[in-house]
Structures are given as structure tokens and as C-alpha cells.
């Protein structure tokens, strides 16, 4: 009843507003169209509520309509109702009140996926893989993950009880919520005696301060070269990106400019402080999931020839979002501008104003990409993200490895291992021995993890098209022979792809003892992009040559 009253008030306001608008907007076709269609929409919802055969939830219908409308624009424009404002605030600030744990659903079971080090869940002894049974007196086994997350969150210093299942045991854990501030730098350390490494995963509040702290500490440990890793970083607050760039370039330099339809969104962002180190040899690691603020950092440092970029072309998000308040504590996050990095290039890869027949934005073709120059005269291109100075191909994994990970078998075995072993060596020392791998293979004997190899899928496609195009009878013997030749053997694949399966096991086991930062640290010695980076940094003449004019990026 309260919901209906609320929506009726909203509709009355809309109708009254539209009536007032009608008297003023007859000279303006666009405003008249807006007013007219608001009136139609409000009338439609009112009549649905009155006459539709079943009860409806007007608020839910309006929200669906809003979301459908915004989907016609771009993926970054979204409606944020009042009930989702806390989640939105957490995404932009990295702060919330709760227990400090990432939860999720694995193979139909809600569980702890990652307790954050130093926060209530970890300090109370909750572990990765603990199945969530109850929050206080509420049975949550059939709940959606988002519903459980809301129950776990709340004001700091409030208490709650969580019941979990760990293996065959059921445990009740008392927790006290606190203010959770997730660091943007989950790990930093020395790769070798001269090279520092910083993993930057987000650009929420304090991202630049987190990087500054790590950089100063690494320099005190003797770092003479630096790797800044923004792979898989989806971006965030523009101001934080500007301040991260400012750590490496002098005061007064332009980092990014924004240009939109309204004058008040047009701005030029410059560095405002003295840098921490404007000379240290710097490599920035990027990949196809580095987006937005990550691309500002990588692109600006490339434009000033301040860093060598290693990895793969970035995502290509050159759109700026602003949050505008709406009625009843709701908000809309909408695209208000495009950003341009110092060379003048726009790095947006998709044109959402020019959609194809399926309603998808079109990629900007190479023929329409424009050339720009870095400060030192290197040629760079716009329109498709930031391209690295030194490329490293993405790694592919065998189907058996995908299957073992996707079916949760590596995850489950790591849980079993951690219940039987109190501790392991540090992340860069721990190895999956032949004996441990043998235990894993034996444990798999009664587990289901079949899969289709790429070659088998190709042959299946060939068979399908041969039947469709009436060639199957002529080549069925050859297809049968091919099938027999490539039919995979799981036992043999466990041997053939042992090394990469051992890596997956190692990473999963390490998370049980050293959490997210442990996995990052463990990867340093085998990461192909880091190996490439160390080679680039090792030869300072080569490093300087990469930054000289002569090649397109």
C-alpha cells in the first residue's frame, strides 16, 4: 500500500509538472516531446495499475522501463535507486560497513570466496570455502548472494552471528562489523634487488595515496626501477588517475581534458604537486581489461614518453560519467563527456551513437583512426584504446585446466588441503610437489570433469556443416578417422598439461594462507609480461630506444 501511494504521488507530480510544461514549451519541439511522452508514460502506468488483470508493482515496472531506456545509450549510463545507493558508494569510495569478505556462489552453494586480511571475517577465523548457512537467525542457504551481502553489511560496531559449514563441521562465528576500506594496492614488493613492483587494482578514494606510499617504501628498500601494474584495473575516480600520473611527472602538466555538451563539464586536469620521482625507469603493465582511469594513467605516461607500456591493447573507454541526483534519493550515473589525453587523442574504441542492426555500438575502423604525437615525437593513434610499446600475447590454457577450474575441483581440493595443513612456505617459495599433484590426480578419480578440446569442437563443426551442405556421405569415413585420432584422454591430459594445472593448484592453495596479495606475489616469477618487463628494464639503452621516435604505437 505504501509503495502504491508513493508511486501515485510520483505520477501526480509528473502529471502536474507536464501540465505546467505544456504552457511553456510549445515553441520548443524537444521539450514538448519530453513533456508529452512523460504524460503518456504516467498515464500508461496508472491505467495498468487500475485495469491489468493481476496485481502489478508500479515501482518495479517504472524501474524496468527506465533501465530499458538507458540501455539504448551506452553501458555506463545507469539508474541507481535509493536501495542501491550504498553499493554504489562502496564501488566509488571503496568503503562500507561490514565484515570484510567477498562472498559468492560456487556450484549452487553460497560461501566465503575471499576474506580481506585484517578485517572482521579474517580475524574471526572465517576461511575461503566456508559455506554460509545462517546470518543471525536467518537461514540463507537459498538466498541470492546480493541478499546475503545486505545482511552482512551494516553500521560499524554492530554485532552479528554467522553459521558456516566447513567440511563436515558446522561452526558459529561471532563478528563485529567495522568500517571497511579496501586498499587499491593489494600488493607491492621487490621483484629483484633493484626492481620494485606495485599492483594497482582500482581507482577508488585514496588510490594515489596508496601508490605514493608503496613507491616511497620501495625506494627506501633500494628500488632503482619500477613496474606499475594496471592489468585488469577497470578504472574509477578521474582525480585519482591524475594524481597517480603526478607521482612521475612534474607539476603543471596536462594529464587529461574532458569535453561534453555542456560547458560545465569541460575541464583540463593538470598535475598540481611535485613528483615523487620523475626519473626512475618505469614500465606500466596493461591488458585488454585495463579501462578508463587505467588508460588515462597509461596513456598520459606514454604521451610524455615517461614510461614504456608492456602487455596488450587496453579496453578503450574514453567516456566520463557523472552522478546526478534524482527525486526520492535515487540517482543516475550518466555519460557527460569524453576524455582526451595529453597528445590530444580520444581513446574510446566503441561509437555508441552509431549502432549496428543488433543495437550494438560499432568499433571505430582503423581507416578512421588518427595519428598524434607524443612529447618526444613518437606516433600514436586514437580510437582503440592504448597500444603497448612492447606487446606480449595473451596466454591460453588447455581445456582440461579450464574444466578443472570451472567445475570448482581445484577450489575444492585447495579447501581440503588447507584443512589438513596449518601453514605453507611463503608465496614465492611454495611449490606443488609431484607427490601433492599425485594426491590431486587420485582425488579426481570419482569426479566429473569431462570437456571438449578445440580440435574436437572443430571436427564437430565440420561434421555439422558437411551434413548441412550434403557432403557428409562422401567424407564420413575421414571424419570418423579424425575423431578417433584426436579423441582426448583425460588421464594423458593430466600428464601433458601437468605444469599449468600445478600452477592453478598453487594459486588456489596460496589464497587460503596469503589471500589476494599472496597470489600476486606468487605470480611474479612466472608472469610472462613481468619477464618481458625485466628484460626491457635491464638494458637502459634499449629502454631509451623504445621511447625514441620512429614507430607507430
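How high is the FRET efficiency between residue 270 and residue 329 when r is their beta carbon distance and R₀ equals 25 Å, given to the nearest 0.05?
With R0 = 25 Å, the Cβ-Cβ based efficiency is 0.10.
Dividing the summed helix terms, -39500 (n - 2.57) for each DSSP H run of n ≥ 4, by the number of residues in the chain produces a 222 nm estimate of -12500 deg cm²/dmol to the nearest 500. Looking at the range 187-393, the DSSP beta bridges with both ends there are about 60 percent antiparallel.
Could you give the length gained on full extension between residue 525 and residue 362, defined as 0.36 nm per residue of separation minus the Cα-Cα distance, in nm?
Net length gain for the segment: 54.8 nm.
Label-to-label distance for residue 390 and residue 419 is 4.6 nm, based on points extended 7 Å past Cα in the beta-carbon direction.
Read through the labelled values (1) 59; (2) 51; (3) 47 and report the label of the one computed as percent of Cα pairs over 32 Å apart from the structure. Checked against the structure: label (1).
The protection proxy used here, the mean number of other Cβ atoms lying within 10 Å of each residue, ranks peptides 339-349, 175-185 as follows, highest first: 339-349, 175-185. Put simply, when 259-268, 528-537 are sorted by average Cβ atoms within 10 angstrom per residue, most first, you get 528-537, 259-268. If the Kirkwood radius is taken over C-alpha pairs of the range 187-393, then at 10 °C and 1.306 mPa s the Stokes-Einstein diffusion coefficient equals 90 µm²/s.
For a test of the definition: using alpha carbon positions, the gyration tensor, and the 1.5 limit on a/c, classify the range 341-444 as rounded, prolate or oblate. It is prolate, given that a/c is not under 1.5 and a/b is the larger ratio. Packing-based ranking of 67-76, 373-382 yields 373-382, 67-76, ordered from highest to lowest mean Cβ neighbour count within 10 Å.
A short reminder: the numbers here are calculations on the coordinates, not readings from a lab. Note that this is a predicted model, so its numbers are computed, not measured. Neighbour counts run over all protein chains shown; Cβ positions are idealised from the backbone, glycine included.
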